[in-house]
1. Report the label-to-label distance for S303 and E172 in nanometres (one decimal), using points 7 Å from each Cα along the Cα→Cβ vector.
2. Could you tell me what a quarter of the Cα convex hull surface of segment 317-397 works out to, in nm² with one decimal place?
3. Treat segment 261-408 as a sphere of radius equal to its Kirkwood radius over Cα pairs and apply Stokes-Einstein at 4 °C in a medium of 1.567 mPa s; give the translational diffusion coefficient in µm²/s, rounded to a whole number.
4. I need the semi-axes of the equivalent ellipsoid of segment 91-196: take the C-alpha gyration tensor, multiply each eigenvalue by 5, square-root it, list largest first in whole angstrom.
5. Tell me the relative contact order for segment 117-228 as a rounded percent, counting alpha carbon contacts under 8 Å between residues six or more apart.
6. Please give, to one decimal in nm, the separation of the simple spin-label points placed at D387 and Q115, each 7 Å out from Cα toward the Cβ.
7. Give me the percent relative contact order of segment 275-408, please, defined on Cα pairs under 8 angstrom at least 6 residues apart.
8. Need the C-alpha centroid separation for segment 325-399 versus segment 114-164, integer Å.
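None of the figures in this text is laboratory data; all of them are computed from the coordinates on show. Remember, predicted model here, so these are calculated numbers, not experimental data. Ideal geometry is used to build each Cβ from the backbone, glycine not excepted, and the neighbour counts take in all protein chains shown.
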Amino acid sequence: MGVEFRWEEGEYRTPLVSPPPPRRWPRRLLLIVGCLLLLALAVAGVVLWNRAQAGLRAARSDLQAVVDAELAALQRGDQEVYLSLQDFNNRQWYRFQEIYLKGLQQAGEDEVSKQIGALRIVDLDLAGDSAWVEVEYELEGVPYRRVQFYRLTAGHWRRTAPDERYWGERREAETTHVRFIYRQREEEIIQSVREEAERFYQQACADFGLPVYGQQVTFEFQPVAKTSPALTSRGYFFVPSPLLLGVRADGQPDGELLAGLAHSIALHLAVEKSGFYVQQPGPGGNWVLLNGIVAREVEQRYSGAALPAQWQQWLQEAAAQNDLPPLSSLWPPYEFDSEREGGLAFAQAESAVAYAVERGGRTVLPALLDALGRKLPAEETFQAALDMSLADFEAGWREFVLNSYPTR
């Protein structure tokens with residue numbers, strides 16, 4: 001008889017033992033640890049921020065010293081010191097500064113720099129070894145601001161070329177007849193002048209006897225101005241950013257900027273009315289008298305848009321000494337052998353247009369532009385525009401200059 005083994009499922013199952021419960025940190029201890037971590041992070045942040053601010057303050061102090069030294073060098077005409085503060089590693093910028101100083105030397109002195117009492121840094125951005133510095137200053141009691149760029153070279157901050165990163169994204173705005181291409185940083189400036197530019201466009205059309213048609217004038221603002229011969233641009237102008245040249249800091253529209261835009265608009269419209277361009281073959285047009293018409297049109301709306309003071313002085317001196325060149329010298333071919341002769345010619349042209357307007361009213365402008373477009377000689381121009389002989393017009397003009405442009 002055999003032995004029987006019987007297996008009952010579960011009869012010898014090993015009892016399951018539950019693992020011990022996980023150790024729990026007391027809630028209060030977790031809260032304390034979290035607070036300590038946050039405090040450590042905050043302390044580290046404060047330390048880093050203080051270090052950054054200390055570095056920013058040091059950079060600001062160093063840059064202010066360079067800004068002051070640049071202005072002082074310009075004011076006393078010290079070219080060697082001024083050039084030593086420029087970025088010599090950027091040859092294009094350094095050469096630009098050399099040309100700038102040469103122009104100041106020929107002009108005699110830097111009148112604008114002499115009028116600026118001080119340049120004060122009001123905003124500073126550091127980007128690696130570059131610094132974007134916004135400075136404020138006053139001219140005739142009006143606050144202005146502009147941006148200057150510096151690079152850390154051989155352990156010293158030196159003035160350098162503009163950094164396009166400063167301006168931000170490209171934007172566009174337009175009125176019926178004026179289009180602006182600019183950058184984000186210039187938004188407020190463009191909005192402050194766009195409607196006035198449109199009003200000037202329409203007024204100049206009326207003064208020049210042009211219909212207000214749909215062709216737009218375009219201004220493209222750039223960190224560095226491109227060469228754009230004004231009389232060949234056909235309504236497209238490259239202009240330097242107002243932030244480089246200086247704009248009003250009190251929120252008011254900048255008269256100098258408006259005058260510059262108005263000059264380009266008036267020049268474009270005057271060329272359209274006269275119908276000639278400098279690059280046309282054959283005898284050239286009278287671009288001296290044409291620019292006199294443009295200057296007079298701008299001055300009528302913007303009182304601060306007068307001719308350069310040096311040109312006016314040359315006109316005053318020549319009139320007082322009875323040494324004014326004849327008006328026929330304003331017609332091509334030109335023989336201006338010096339800067340003085342050229343500046344005096346432009347001042348004569350502006351004063352001749354002012355006298356013509358006094359005699360015949362503003363309706364004389366379309367007649368003068370028409371005569372220029374037909375390339376009439378001096379003897380016929382004033383006869384066609386004012387029904388006056390050249391001799392009679394010139395005699396009246398000389399007396400007008402003596403009375404209207406007294407010597408200082």
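1. Inter-label distance under the simple model: 3.9 nm.
2. Reported value for the Cα convex hull: 5.3 nm².
3. The diffusion coefficient I find is 84 µm²/s.
4. On the way: eigenvalues 143, 87, 51 Å².
So the equivalent ellipsoid measures 27, 21, 16 Å along its semi-axes.
5. 17
6. 4.3
7. Relative contact order for segment 275-408 comes out at 32 percent.
8. Rounded to whole Å, the Cα centres lie 44 Å apart.
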